[in-house]
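Colleague: Structure below; questions to follow.
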Amino acid sequence: MLKFQTVERDSFFSRLDFRPKLYMVAILTIVTFAWESPLLQFGMAATITLACLAVGVKWGYIRTILLVMTPFYLLLVLTHAFFNRDQVMALQGYSSAEQLQKIYTFPESWPVIGGGYATWDGLSYGLNVMFKALTLTLVVPLAVFTTEVNNMIVGLVRARIPYKIAFIFSSTLRFFPLLFEEFASIIEAQRLRGLSLEKMGPIQRVRVYAKVAVPLILGAMVKSQQLEVVLQSKAFSGSPDRTYLHESTLKSADYALIAFFTLFLILAIYLMIVYKIGNFGGPI
Amino acid sequence: MPKPIAIFEDVSYQYPRSEKFVLFDINLEIRQGEFLGLIGPTGAGKTTLCLALNGIVPQFYGGRFFGSVRVGDLDTVEHPISEMARLVGQVFEDPETQLIATSVENEIAFPLENLKIPRQVIRERVPQALSAVRLEGTERKHPHELSGGQKQRLAIAAALAVQPRLLILDEPTSQLDPVGAEEVFATVHELNRVLGMTILMASHSAEEMAQFADRIVWLAHGEIVALGAPDEIYSEIELLIKNDLRPPQVASAFFHLRKSGIAVPKIPVRLPDAIPMLADLARREPNPDFDLPAPNKVTGDPLLSVKDLTYIYPDGTKALQGVSLDIREGEYLLIIGQNGAGKSTLVKHFLNLLQPTAGVVKVRGADTTEMSVSELAHRIGYVAQNPDNQIFNSSVRAEIEFALENLDFDPEEVEARTNESLETLGLVDVQDRHPLSLPRGVRARVVIGAILAMRPDIIIFDEPTTGQDYRGAQYIMDISRDLHQAGKTIIVITHHLYLMPEYAQRVIVMGKGTLLLDQDIRTAFHAREALRSTFLSAPQAVHLTQELRRSNENFPPLLTPEEIADYLTPRRMAS
């Protein structure tokens, strides 16, 4: 089940302040968006995956993400392989579609798609987009799961994010497991009323999940009102004018991470501009 | 007389979009240092009264508010809730929803941070508050790692850290097992007696309220019915029952004695007061016609059979260890034990929601692991604690038909069974209403009706009375009795042991994943050691009987106030 978790492993990364981690997420996002090279994107996605595993994000979680996202990734790659012509041509400076390397052509006799073809260029651009998406999906748990929620709030507030928004963010993470538990107990109750999910096709299952929405939303609404009453009774007003039990101070390791990612950004931009490294169809 | 710390003057309140006043003409003083108990059936206005003390009513909810509530020198309408939070600490019913931080120390620090208390002071107050509720050493733990009782004590610590003048607890023990409830009452009692903290506690636990409260305020339909010492309030047995409230069992026993003609000068409401009074009566000649009902032995082939069942959760927790038992057709079985004793884990094996690590569970001789959950639903109905998680349809009728349609019955059969269920549960008049628009007690009936339509042989009630008042709880148990009398096998899991003598025949006591005792209810409720080993306590009437048996070994092991009165009533009066 996909839900919020805090890694149990104590590591260099889990001891860092949340702010350099946010900075890291921002830099990696910029670079990932800027690069168009499938090879570099693969390297980036693999590095982030390994980093997640190294800091203690559970393989089961990553595997679930991969399983859930695989149909989407496949669709992405195939769509680019078959239909992305203009963009890949422009990126590589081709003047004619004849310059594209064909992989497969549908027989002319086939209705509608007959004569359509997939290209290596489109496929490699699709792979670039797929790895880009994977990196962006995994970089968030890398930062969020390695930070205790309260440290996250303090870090966000120190990063000048309004306290109310930081609190809503942390409450969402806090209540995710409760909602998932509720979802599981509703499905269980339906099975105990003779519902046989294992015998159902995908459309019937979607109908079942739709029925779960009513008690789930109702339960969430009741819980959110209860939470609001609890917060009010604890003098919560959302005002940033408050004190904090824990301090958020940047240490040398935090500064080192910020410096590292600043240099990484500069280097990535330099290599792209001067040597076209990272560009689609570039040397790497 | 101590100075009042909070004053209600002519307070009436109506929620927005509500036709009725939920509080009406309330005049009440809460005195400095007292433990004021707040009682009343569901819907009496107890929670609203509590929320009026920190201004959440009406400031948060809106609506029409008349009169005034003052805490200390502050009017709760004129001062913001955040300012009132300095004076009034509040603990709510649900231990899950009210804990909002991800560590114990942050939970306690949260209101202090909001009140801009300096960091150094917060650091001093966190250990102080934890020590007051005996939770030292848990600072770094996640609140989820704590037991139910510990969670409520943490909520109390978070309220205490603010150093409020008034601590309000709204049904803080209703979702806890007996040991958790005992922890909370002991903590609150200590805070009141040792630290002089003023307490307002709403609770249905009559025995504990009689023992700990200095005064009781009794609310019904938003109005104060009575205000006085527990001895005055809890001795009004007929009035309490008429208002859907449960008196302490000792008071009930003396009420029945008085009703049978024995001169009872005063109805005691606490166990220590009742023992000497009853000991005097017990010296007289008891009712010679009194016979202990013989335990009801059910014979025949087992309907459900568990053999050497062991279950280990994926994280390594051993939840069940070599459990063996047979349940026969037509039995009414009660499963008890503290939270974590393995009760629900055992029952989930009956339904194939969990599969044994070792051992086997059979229904009518068939291994449950070889049947799907939906197939088993035909034979075993399961009523879970929260009816709202079991309601998915837009009308009562559709809700009852839901299971039948899943089980592929033909339309005539669906209609016949639905009509039968609606009639049995008294739901014909509301069959077109949305289930969620009905009161909680009726919603529970809808869920039972939906399960009944599948005509299962066994019906399991898992904590069916949690969050219900006395009348609501009794109503559900009465349904279970009717179903039992109609030939169903009933299994109930509950912490409300005082309800069960009227219904259950056989009791399974579980502790640490093992079966500690399997006996008829009379033997089980008097098995003090077995109950204590799983942190359970028998109902007060059983305690009273046990005290009398200490000095008179011929005194029979009685279970209920009615039995005590019946046994002690001489023949002349009994006739």
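The values are calculated or read from the model by the stated rules, or taken from the named source; none is laboratory data. In this text the structure is predicted, and so the values were computed from the model without any measurement. Reconstructed Cβ throughout: ideal geometry from the backbone, glycine too, with neighbour counts over all protein chains shown. All accessible areas refer to the heavy atoms of the entire protein, side chains included, with ligands and DNA or RNA removed. Shrake-Rupley method; radii C 1.70, N 1.55, O 1.52, S 1.80 Å.
Colleague: Working with all protein chains in place, sort A:48, B:312, A:258 by solvent-accessible area computed with a 1.4 Å probe, largest first.
Modeller: B:312, A:258, A:48
Colleague: Moving to a separate point now. Can you work out the accessible area per residue across segment B:299-449, with the rest of the protein chains kept in place, probe 1.4 Å, in square angstrom?
Modeller: Here the per-residue accessible area is 41 Å².
Colleague: List the lysines whose alpha-carbon lies under 20 Å from that of residue B:259, not counting same-chain residues fewer than 8 positions away?
Modeller: Hits, sequence-local ones excluded: B:242.
Colleague: Please report the orientation-averaged projected area of chain A, defined via the convex hull of its C-alpha atoms, in nm².
Modeller: 20.8
Colleague: Which distance in nm do the two modelled labels at residue B:532 and residue A:86 give, with both placed 7 Å along the Cα-to-Cβ direction?
Modeller: Each label point is offset 7 Å from its Cα along the Cβ direction, giving 8.5 nm.
Colleague: Taking the Cα-to-Cβ direction at residue B:7 and at residue A:101 and moving 7 Å from each Cα, how far apart do the two end points lie in nm?
Modeller: Here the answer is 9.0 nm between the modelled labels.
Colleague: Report the FRET efficiency, 1/(1 + (r/R0)^6), for residue A:109 and residue A:184, where r is their Cβ-Cβ distance and R0 is 56 Å, rounded to 0.05.
Modeller: Between residue A:109 and residue A:184 the formula returns 0.65.
Colleague: Further question: Viscosity 0.890 mPa s, temperature 25 °C: Stokes-Einstein D of the protein assembly as shown from its Kirkwood Cα radius, in µm² per second? Walk me through the numbers before you get to the answer.
Modeller: On the way: Rh = 31.2 Å.
Roughly 79 µm²/s, to the nearest whole number.
Colleague: Among the listed pairs A:58/B:141; A:199/B:348; B:151/B:488, give every one whose C-alpha distance is greater than 26 Å.
Modeller: On the way: A:58/B:141 21 Å; A:199/B:348 21 Å; B:151/B:488 38 Å.
Violating the 26 Å Cα-Cα cut-off are B:151/B:488.
Colleague: Would you mind computing Rg(Cα) / (2.2 N^0.38 Å) for segment B:1-101, counting N as its residues?
Modeller: Working: Rg = 13.7 Å, N = 101, 2.2 N^0.38 = 12.7 Å.
The reported ratio for this selection is 1.08.
Colleague: I need to check one value: relative contact order of chain B, counting alpha carbon pairs closer than 8 Å and at least 6 residues apart, in percent.
Modeller: RCO, chain B: 14 percent.
Colleague: Something else: How high is the FRET efficiency from residue B:195 to residue B:116, r the C-beta distance, R0 35 Å, rounded to 0.05?
Modeller: Working: r = 24 Å, r/R0 = 0.69.
Using R0 = 35 Å, I get an efficiency of 0.90.
Colleague: If you put +1 on each Lys and Arg Cβ and -1 on each Asp and Glu Cβ, how big is the dipole of the protein assembly as shown around its Cα centre, in Debye rounded to 20?
Modeller: Value, rounded to 20: 2060 debye.
Colleague: Calculate the mean, over all residues of peptide B:73-85, of how many other protein chain Cβ atoms lie within 10 angstrom of the residue's Cβ. Walk me through the numbers on the way to the answer.
Modeller: Working: counts 0, 0, 0, 0, 0, 0, 0, 3, 8, 7, 1, 3, 6.
The per-residue average across the peptide is 2.
Colleague: Return the carbon/sulfur percentage of the accessible area of segment A:1-156, one whole number, probe 1.4 Å, all protein chains in place. Numbers along the way, then the final one.
Modeller: Working: 5290 of 7730 Å².
Roughly 68 percent, rounded to a whole number.
Colleague: So how far, in whole Å, is the C-alpha centre of segment B:405-430 from the one of segment B:142-183?
Modeller: About 43 Å separates the Cα centre of segment B:405-430 from the one of segment B:142-183.
Colleague: I need the calculated FRET efficiency for the pair residue A:29 and residue B:297, taking r as the beta carbon distance and R₀ as 51 Å, to the nearest 0.05.
Modeller: For R0 = 51 Å, the calculated efficiency reads 0.10.
Colleague: Right, another one. Give, as ranges by residue number, the residues of segment B:118-147 whose backbone N falls under 19 Å from the point 7 Å along Cα→Cβ of residue B:186.
Modeller: Flagged as within label range: B:129-138, B:146-147.
Colleague: Based on the mean of other beta carbon atoms within 10 Å per residue, what is the order of A:216-226, B:95-105, most packed first?
Modeller: B:95-105, A:216-226
Colleague: Which residues' amide hydrogens lie under 5 Å from the amide hydrogen of residue B:169, considering only partners 5 or more residues apart or on another chain, with H built in the peptide plane?
Modeller: Distant-sequence amide H within range of residue B:169: B:91, B:200, B:201, B:202.
Colleague: Percent of accessible area on segment A:163-239 owned by carbon and sulfur, 1.4 Å probe?
Modeller: 68
Colleague: In addition: For chain B, which whole percent of the accessible surface, found with a 1.4 angstrom probe, sits on carbon and sulfur atoms?
Modeller: Here carbon and sulfur together make up 46 percent of the probe-accessible area.
Colleague: What pairs in A:132/A:251; A:223/B:318; A:132/A:276; A:211/B:20 have C-alpha atoms more than 27 Å from each other?
Modeller: The answer is A:132/A:251; A:223/B:318; A:211/B:20.
Colleague: When ligands, DNA and RNA are left out and all protein chains stay put, how many square angstrom of accessible area per residue does segment A:163-239 have with a 1.4 Å probe?
Modeller: On a per-residue basis, segment A:163-239 sits at 49 Å².
Colleague: OK, next. If you average the C-alpha positions of segment B:232-283 and of segment B:305-368 separately, how far apart do those two centres end up, in angstrom?
Modeller: 41
Colleague: Another question, if that's okay. Going by the alpha-carbon gyration tensor, a ≥ b ≥ c the square roots of its eigenvalues, is segment A:163-239 rounded (a/c under 1.5) or, if a/c is not under 1.5, prolate (a/b greater than b/c) versus oblate?
Modeller: Since a/c reaches 1.5 and a/b is larger than b/c, the shape of segment A:163-239 is classed as prolate.
Colleague: Taking every eigenvalue of the Cα gyration tensor of chain B, multiplying by 5 and rooting it, what semi-axes result, largest first, whole Å?
Modeller: Values: eigenvalues 311, 195, 134 Å².
With the √(5λ) rule applied to chain B, the semi-axes are 39, 31, 26 Å.
Colleague: Can you give me the accessible area per residue for segment A:10-97, using a 1.4 Å probe, in Å²? Before the final figure, lay out each step's value.
Modeller: On the way: 4490 Å² over 88 residues.
Solvent-accessible surface per residue comes out at 51 Å².
Colleague: Within a 10 angstrom radius of each residue's Cβ in A:225-231, how many Cβ atoms of other chains show up on average? Whole number is fine.
Modeller: Partner-chain Cβ atoms within 10 Å, mean over residues of A:225-231: 6.
Colleague: Provide the per-residue ³J(HN,Hα) series for segment B:120-134, in order, calculated from phi with Karplus coefficients 6.51, -1.76, 1.60 and θ = phi - 60°, each as a whole number of Hz, with x at glycine and proline positions.
Modeller: Listing the rounded values in order: 4, 5, 4, 4, 6, 6, 4, x, 4, 5, 5, 5, 5, 10, 6 Hz.
Colleague: I've got another one for you. Quick one: 3J(HN,Hα) in Hz for segment A:239-248, Karplus 6.51/-1.76/1.60 with θ = phi - 60°, rounded, Gly and Pro as x.
Modeller: Working through the residues one at a time gives 6, x, 7, 8, 9, 9, 5, 9, 8, 10 Hz.
Colleague: Hey, if we sort A:69, B:197 by accessible area with the 1.4 Å probe, largest down, what's the order?
Modeller: The residues order as A:69, B:197, largest area first.
Colleague: Step through the residues of segment B:270-286 one at a time and calculate ³J(HN,Hα) from phi using the Karplus curve (6.51 cos²θ - 1.76 cosθ + 1.60, θ = phi - 60°), rounding each to whole Hz and writing x for Gly and Pro.
Modeller: Whole-Hz 3J(HN,Hα) from phi for segment B:270-286: 10, 4, x, 6, 6, 4, x, 5, 6, 4, 4, 5, 5, 6, 6, 6, x.
Colleague: Any chance you could run the full-extension gain for residue A:251 through residue A:284? It's 0.36 nm times the residue separation minus the Cα-Cα distance, nm to one decimal.
Modeller: Numbers: separation 33, 0.36 × 33 = 11.88 nm, distance 3.60 nm.
The residue A:251-residue A:284 span can extend by a further 8.3 nm.
Colleague: Averaged across B:399-410, how many Cβ atoms of other chains sit within 10 Å of each residue's Cβ atom?
Modeller: Per residue, the number of nearby Cβ atoms from other chains is 3 on average.
Colleague: So, one more: Total accessible area buried between chains B and A, 1.4 Å probe, in Å² to the nearest 100?
Modeller: 4800
Colleague: Taking the Cα-to-Cβ direction at residue B:310 and at residue B:481 and moving 7 Å from each Cα, how far apart do the two end points lie in nm?
Modeller: Roughly 4.2 nm, to one decimal.
Colleague: Looking at chain A, which longest stretch skips every one of the GluC sites (Glu not before Pro) that is in a DSSP loop with at most 10 other Cβ atoms within 10 Å, leaving the sites themselves out?
Modeller: Result for the longest clean stretch: A:109-246.
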